[in-house]
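First comes the structure, then the notes that go with it.
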Amino acid sequence: MADIAVHESVTSHDDHGPAAHGSITGISNNKLAMWLFLGSECLLFGGLISTYMLYRGRHGSGVGPAQLFDIPLTSVSSFVLLMSSLTMVLAVNAAKRKDDRNTNLWLAVTGLLGALFVGAQVYEFTAFYHEGVGFTTSLFSSSFFTLTGFHGVHVSIGVIMLLAMVAIISRNKVAGDKAEAVEMIGLYWHFVDVVWVVIFTLVYLIPA
Amino acid sequence: MFVKPSRRRRVAAAAALGLLLAGCAKNAPQDTFDPAGSNARSIDDLQRPVFYVAGVVGIIVFAVVGYAIWKFKDRGQDIPEQSHGNPKLEIALTILPAIILAAICVPTVSQVFSLDKKDNNCVINVTGQQWWWEYDYAKGSECGGVVIPESIVTSAELVIPANTDVLLRITSRDVIHSFWIPRLNGKRDAVPGRLHTLRLQADQPGLYTGQCTEFCGLSHARMRQAAIALNTADFQTWVTNQTEAYTAPEAGTAAAVGQSTFIAQCSRCHQVNGLQDGDGKPVLAEPDLYVLSGAAPNLTNLLTRTAFAGWTFDLLTDECRDTLWNAPPDEFGALYLKGVTAECFNEANLREWIRNAPAMKPMYTDPKNLGSTGGKTRGMPALGLTEAQIDEIIAYLLERK
Amino acid sequence: MALIASPTPTQSLGVFRRPVAATGWRSWVFTVDHKKIGIMYGVVAMFFFLVGGCEALLIRLQLAAPDNTVLSAGLYNEMFTMHATTMVFLFVMPMAAAFANYFLPLQVGARDVAFPRLNALSFWLFLFGGVFLNTSWFLGGAADGGWFMYSPNSSRLFSPSHGIDFWVLGLQIIGIASLVSSINLIVTVLNMRAPGMKLMNMPVFTWMVLVVQFLLLFALPVITVALFLLSFQRNFGAAFFDVDKGADPLLWQHLFWIFGHPEVYIIILPSFGIISEVLPTFARKPLFGYKFVVFSGAAIGFVGWGVWAHHMFASGLGPVSVAVFSVATMLIAIPTGVKICNWTLTLWGGKLWFSTAMMFAIGVIVLFTIGGLSGVTHAVAPADTQQTDTYHIVGHFHYVIVGGAVMGLFAGFYYWWPKVFGKLLNERLGKWNFWLMFFGVNLTFAPMHILGMQGQPRRMVVWPEKLTGEGFFNLQFWNQIATVGSFLIASGVFMFLVNVVVTAKKAEKAPLDPWDARTLEWMTASPPKEHNFDTIPTVHSLDEFFHRKYEEVDTDKGPRLVKVRSAEEVLAAEEAKADAHIHLPSPSYWPIVLAFGLPVIAYGVIYNLLLSVVGAAILLLGIFGWVLEPSVAEDSDYDPPTGESETKELSSVG
C-alpha cells in the first residue's frame, strides 16, 4: 500500500462535495448528515422521555412533579426558546441573501435567547434543589434532571455553535460563504426547540 | 453435506445407535424432553413438532444445496444464462414458510395463554436471593387438600403435593433470578419489586431438580433447587413435621452444648423456630442487619432436606442420594420423609461449610470487598470457629428434623 | 457546477503544518483515506478477535470437566462478559466496518466516503474505546455482569469493582464511533454513487451495509440512553435501577433489547452482503432474485425493531405481550428463509468454482440454516421458557454469529484479499482454514443444543457431576466434544494467520481480476490507487464489470455469453479517459487528537473528575483545530480546493 504516492492525486474536481456527481438526493452531504443525526437524536430523546414517563409518579413520600413545577416561569422560558426559532429563521434567511451583517445579528439574538433559556433552567434546577429535590432523591427526580439536563446541554451546545458562527462569519472574506453552515445550525436549533415543545407538554403540562 | 454418501450413511447409523443407547440410558435429570407434569408436557407437545418440522426443513435445504454443489460444479460448461430469478418461484418460496409458521403460530398463542391460567389449589411464595431460594407456605392456606396450620419457611427443596396444580408467586430480594424445574415447567424470572406467577404440577411423587437460570452474580452456578412431589398423605406428614413445636436437645448432650454455640454463633442470621435462650426468651434472627438481601435460610428442619447452600452440597452420602433419586414413585415419599439419617449423613460437606463457607461457594464475605453494602455480607462468611465448636453445632443441627 | 476560488486559511491553527507523509507510520496515523482506515479497522478487529478467542478457549477449558477449577467464579464471569462484548463490539462490528469502509466507496464508484476526517475519527474512537475497555483487566477486573448487563445486578452494590464502569464508558465511546460512521456511510451511499448507479443497481453488499447503518443510526441512541442511566447510577448516585426506591428492573431490559435485537441484524447482515457477492461470482450467474434479497434484507431490518421482547419471554411480561412478540418473531423468519432460498437458487444452474471464498459462503448457507431453524424453535414462546438461558440458546446464536457472520467475514477475506493487498491468499491453506473452522463450528456448537435441552444453563462457572445423566446425552461427553471443537476453530483461525504471513512473504502478484468478478470494486487496480478510479465509471446495470467483459455473441449453436474483453482491457479503456484533475482530502491530526480526549474523560469519570477536565480540554482542542482546518490544505502536496462548498464537512460548522 505504501507505494501509492499521495502526489498522484492531483486535481481540481472535488469528489467529496455535494456536487461531485451532482448530489443524487438533491440534498448536500452536510445537510443529509445533519438530518440523519437528528433522526438518531429523536430516539435518544425518545428513550429519555420514556424513562421519565415510566418514573414520573415514583417519588415515594417525597416531592412530586405536581408540587414542584413552577408552570408560569417555565412557560415564559419556553416562549423565549420558541421565539429563538423565529430569529433563527431570520438568520438563515439573511445568510441565504448573503447578508452577513444581519446574519450575525440574528444569530447573536438567537444565541442570547438560548442562553436566557439555559439560565432559566439553571435557576429552576437550583430552586428545585433547595426544595429538597436533588438528582439522587427519587426516581422521578433522577429521570427529570436527566431528561431536561440532556435538553439543556443540547441548547448550550447550540448557543456555543451560534456564537462560534458569529465569530467565523465576522472573518468571512466572501459574503454568504457560510450560508450552508448557518442553515445546518438552524436545523439543529429547530430540532432542539421541537423537542422542548414535546418535553414541556409531557413533563410540565400533562399531570402525572 | 460435503461428505460422500457412503460416509453419510455411516454417520446416520452411528446417530441411530446413539439414539438407541439413549433409550436405555438415563438422561440428565433436567432433560426438557422428559416432562413429568402437565405444564411441561404441554410445552413438550408444542416443541417436539417444531423440532421435527425444523429438522425436515433443514434436511431439505441441505439436500438441495448438496445436490446443487454436485450437479453444477464447473465441468467446463458454458457460462450460464445471466437470469435474475423467477418471481413466481420467489413468491411461492415466500408463502410456503409463511404457511408453516402460521401453523406453528396458532397452538403457540393458545399455549401462551393456557400456561398463564391461575386455576390452582395451592399457592406457595418463592423468593430468590443471592444464592438460594426461600419457600414460604402461608398459615391457614390450603395445599392439595392439606391445611397449613402454621407458616412454613423453608429453602433448598420446594415440597409440593403430587398431582396438584400449584401456583408459585415468585419475587426476589436483590437481583433477578429465574426459577426453573425443567421437568415440571419452563422458567420464570424472579424480579425484585415484581411478583410473577408460575404453574407447577407433578404427576407422580419424586424429586425434580432445577437451577437458577438468570445470571445473578458470583455464585450463579451454585444456586440450585429441587421440587419434591409427595402424595397427599406424605405431604400431610411433611407439613405436620415442619410445623411441629421445637424440641430442645436433652441437657448434657453434645447437642445441648451445640444449642448455645448455635445461639452465640449462628442465630443472629439463621432462624430456628421456637428456639429460646437461657432466660427463656425467644431467639430471633436478624439477618437484615448482616446480610445484604436481608435473609438467611431458616434452619428449623435443616435435616429434613437433602442438600443445603442453594441445594448445592449434599447432606446425604452419594449412595443414599442415588437411592433416593432413583426410588420408584411409590417408595419415594417414605424414603424422603426419613430425612437425613445417621448412616446417610454426609458430614464432610456440612463441616467444611461451617468451617469456611466462602471456600466452598464463592460469596462476597470478605470485609475488604463489601464496598457500599454498609458492612453487610452476601452469603455466609467464614466464622473462624474451633473444631470443637463445629462438632457441637453439627450435633445440634443433626436434631433439626 | 461553477468553480469559484474560495479563500483558504493558510495553516490550521496557525501553528501546525498539515501532515503530508505518504509513507511510514505517519501516513497511517493521520490518514483520512477510506482504504487505509479500512485496513486499520481490519487489523485492530482481528487483534480483538484473537483476544476474544482466547477468552472463549478459557471458558471452554473451564467447562470441559465437572466442578473444574481452571477459572475462579469471579474470573469466569468476567471472561464470558468480555468474550461477548469483545466479539460483538470489537470484532464483528468493526470487521464489518472494515469491509464497509474499504469497499462501499469502491462499489458505488466514489473516491472516498462523504466525510473522510469523520471516518478517521470513527476508527480512532473505536480503537481507543476498545483499548480503554480492555484496560479494566489490569485495573481491578473487567465487567462481570454479562454482556446484557441486567440491572440491578449491574449496580455498584452488587458489582463493586470498576469493571462495569469501564464497560459502560467503553461502549459509550465505541457507540459514538459507530454512530458517526453510520451517518458517514449512509451519506456516501445516498449521495456519492457513480452516474447510473441507481439504488437497484447497487451491489447487495452495499445494500446490506446501508440497512445496517440505518439500524445503527436508530439503535445506538437507545443503548446510549441505557448506558447513561447506568453510569449516572453507578457514578453519580442516580436512582434509575434502585429497586428500594421503586425502580423497575425491566426498564433496562427493554432499553437493552430494543438496541440488542437490531444489533443481531447489525452483526449478520454485512456477512449476508458478502456472501451475496461471493456466490454469484463463483457461480458465474447473477444473484437469484436480487430484488427479493434486497427487500428481504430491508424487511429484516424493519421487522427487527418489533421483536426485542422475545429475549424476555421468561421475564414476566404477561401473556398478551408474549403472544404478540412470539408471532412477530416468527414473521421475521420469512425474509430470512427467502435469503437462504435465493442463495441456494443462485448455485442452481451455475458453473461453480469452489474457491476458498466460495466454500466459506456455502458454509454460511448451511450453518446459518441450522442457526435460523433453531431460532424458530424459540420463537415458540412456551418452548422458549424451557430453552432460554440454557446452552441451547448459546448453540443457536453461535451458529448464527460464528456460522453466519464470522464465516461470512472469512469468505470476504479470501475474496477481497487480492483486491486489498494485490496478492492471492494461499488456496491450500485456505481449504485447511475452511474445513477446520467448519468442523470446529459444528463440533463446538451442535453439542450445545443437546446440553441446553438436557438442562445445562448458561453463564455457570461449573456444572455438577450428579446432574450429567448417562448414555448418549451425557453432559460431560458433549461438553468435552464442544471443548475439542473450540480448539479446532482456533486452529482454523491459526491457519488463516499462517496464510496471511505466507502470502505477505511471497513475491507473486495477483492477477487484476482473479475471480472473474462482477462489481465495480474490481474495475480498478489492485490495490486500488489512492483516488480509487482514474475516471468515475458510468454504470449501466447491476454487475457492471461483468457486463463490460461479457457479451452475448451469436454462434452456430445459438446465442452464447462470451468474454469479449479482458479485465485489463476494460481497465485500460477507463484509464484512457482519466480525469485530468483529481483532488483528495488532506491528512489531518485532529481526528486522533479529538478521539484521544474521550478515553481520558472516561478515566476521569472513574478515578478523578479533574482528569475529565483534562480530557475535555483535549477534546475541545481537537474540535477547535478541526473546525479551523480546511479539509484540504494549501501548504500540503494537495491542490487547494476550488469548489465553493465542496470541502466543507459536518464538523466545519461545529
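Condition check ((1) more than 14 Å from chain B (Cβ to nearest Cβ); (2) assigned to a helix (DSSP H, G or I); (3) buried (at least 24 other Cβ atoms within 10 Å of the Cβ)) across all residues:
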{"site": "C:F126", "(1), (2), (3)": "yes, yes, yes"}
{"site": "C:G130", "(1), (2), (3)": "yes, yes, yes"}
{"site": "C:T135", "(1), (2), (3)": "yes, yes, no"}
{"site": "C:G146", "(1), (2), (3)": "no, no, no"}
{"site": "C:S155", "(1), (2), (3)": "no, no, no"}
{"site": "C:G170", "(1), (2), (3)": "yes, yes, yes"}
{"site": "C:I176", "(1), (2), (3)": "yes, yes, no"}
{"site": "C:I183", "(1), (2), (3)": "yes, yes, yes"}
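Looking across the range B:152-179, the residues that are within 14 Å of chain C (Cβ to nearest Cβ) and in contact (Cβ under 8 Å) with a residue 60 or more places away in the chain come down to B:R173, B:D174.
Restricted to the range C:365-421, the set of helices (runs of 4 or more DSSP H) holding at least 3 residues that are touching a Gly at 6+ places or on another chain (Cβ under 7 Å) comprises C:381-387, C:391-398. Among all positions in the range C:506-513, there is no residue which is in contact (Cβ under 8 Å) with a residue 24 or more places away in the chain and either in a helix (DSSP H, G or I) or closer than 22 Å to C:M407 by Cβ (or both). The listed residues are B:Q271, B:Q242, and the only one of them that is farther than 22 Å from B:L200 by Cβ, buried (at least 16 other Cβ atoms within 10 Å of the Cβ), touching a helix residue (DSSP H, G or I) at 6+ places or on another chain (Cβ under 9 Å) and polar (S, T, N, Q) turns out to be B:Q271.
In summary, C:S151 fulfils each of the numbered conditions (1) farther than 30 Å from C:G109 by Cα; (2) part of a helix (DSSP H, G or I) with the single exception of condition (2).
Within the range C:350-364, the set of residues being of a type outside the set (S, T, N, Q), in contact with a Gly (Cβ under 9 Å, 6 or more places away or on another chain) and surrounded by 23 or more Cβ atoms within 10 Å (Cβ to Cβ) comprises C:A357, C:M359, C:F360, C:A361, C:G363, C:V364. Within the range B:103-127, restricting attention to residues that are within 14 Å of chain C (Cβ to nearest Cβ) and in contact with an Asp or Glu (Cβ under 8 Å, 6 or more places away or on another chain), the residue that is surrounded by the fewest Cβ atoms within 10 Å (Cβ to Cβ) is B:T127.
Filtering the range C:451-475 to residues that are among the hydrophobic types (A, V, I, L, M, F, W, C) and either out of contact with any His (no Cβ under 8 Å at 6 or more places or on another chain) or facing chain B (nearest Cβ under 7 Å) (or both) leaves C:M453, C:M460, C:V461, C:V462, C:W463, C:L467, C:F472, C:F473, C:L475. The residue pairs whose first member lies in the range C:472-484 and is hydroxyl-bearing (S, T, Y) and assigned to a helix (DSSP H, G or I), whose second member is at pLDDT 95 or above and surrounded by 20 or more Cβ atoms within 10 Å (Cβ to Cβ), and whose beta carbons are closer than 9 Å, counting only pairs six or more residues apart or on different chains, are C:T483/C:R60; C:T483/C:L63; C:T483/C:T444. When C:R428 is tested against (1) free of Cβ contacts under 8 Å to residues at least 12 places away in the same chain; (2) more than 30 Å from C:T524 (Cα to Cα); (3) basic (K, R), exactly one condition is not met: (2). Annotation note: of C:G140, C:G146, C:G130, the sole residue that is among the small types (G, A, S) and touching a Leu at 6+ places or on another chain (Cβ under 6 Å) is C:G130.
Is it the case that C:V187 is part of a helix (DSSP H, G or I), at the interface with chain A (Cβ under 8 Å from one of its Cβ atoms) and crowded, with 24+ Cβ neighbours inside 10 Å? So C:V187 passes the test.
Please verify whether B:T209 is part of a helix (DSSP H, G or I) and in contact with a helix residue (DSSP H, G or I) (Cβ under 7 Å, 6 or more places away or on another chain), treating the condition exactly as stated. The answer is no for B:T209.
Rundown of residues vs (1) surrounded by 15 or more Cβ atoms within 10 Å (Cβ to Cβ); (2) more than 9 Å from chain C (Cβ to nearest Cβ); (3) of a type outside the set (K, R); (4) under 28 Å from A:Q121 (Cα atoms), yes/no style:
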{"site": "A:G176", "(1), (2), (3), (4)": "yes, yes, yes, no"}
{"site": "A:M184", "(1), (2), (3), (4)": "yes, no, yes, yes"}
{"site": "A:W189", "(1), (2), (3), (4)": "yes, yes, yes, yes"}
{"site": "A:V192", "(1), (2), (3), (4)": "yes, yes, yes, yes"}
{"site": "A:I199", "(1), (2), (3), (4)": "yes, yes, yes, yes"}
{"site": "A:V203", "(1), (2), (3), (4)": "yes, yes, yes, yes"}
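Restricting to the range A:111-162, and then to whatever is under 14 Å from the mean Cα position of the chain (by Cα) and more than 30 Å from A:A95 (Cβ to Cβ), can you tell me which residue is surrounded by the fewest Cβ atoms within 10 Å (Cβ to Cβ)? Among those that are under 14 Å from the mean Cα position of the chain (by Cα) and more than 30 Å from A:A95 (Cβ to Cβ), it is A:G149.
Residue-wise test of (1) within 25 Å of C:L287 (Cα to Cα); (2) modelled with pLDDT of 90 or more.
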residue: C:D516; (1), (2): yes, yes
residue: C:E530; (1), (2): no, no
residue: C:S586; (1), (2): no, no
residue: C:L609; (1), (2): no, yes
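Per-residue answers, yes or no, for (1) among the acidic types (D, E); (2) away from chain C (no Cβ under 14 Å); (3) crowded, with 17+ Cβ neighbours inside 10 Å:
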site	(1), (2), (3)
B:T300	no, yes, yes
B:L324	no, no, yes
B:A359	no, no, no
B:D366	yes, no, no
B:T377	no, no, yes
B:A382	no, yes, no
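The values are calculated or read from the model by the stated rules, or taken from the named source; none is laboratory data. Just so it is clear, the model here is predicted, and its values are computed rather than measured. Methodologically, a virtual Cβ is constructed for each residue, glycine included, from the backbone with ideal geometry; neighbour enumeration extends over all protein chains shown.
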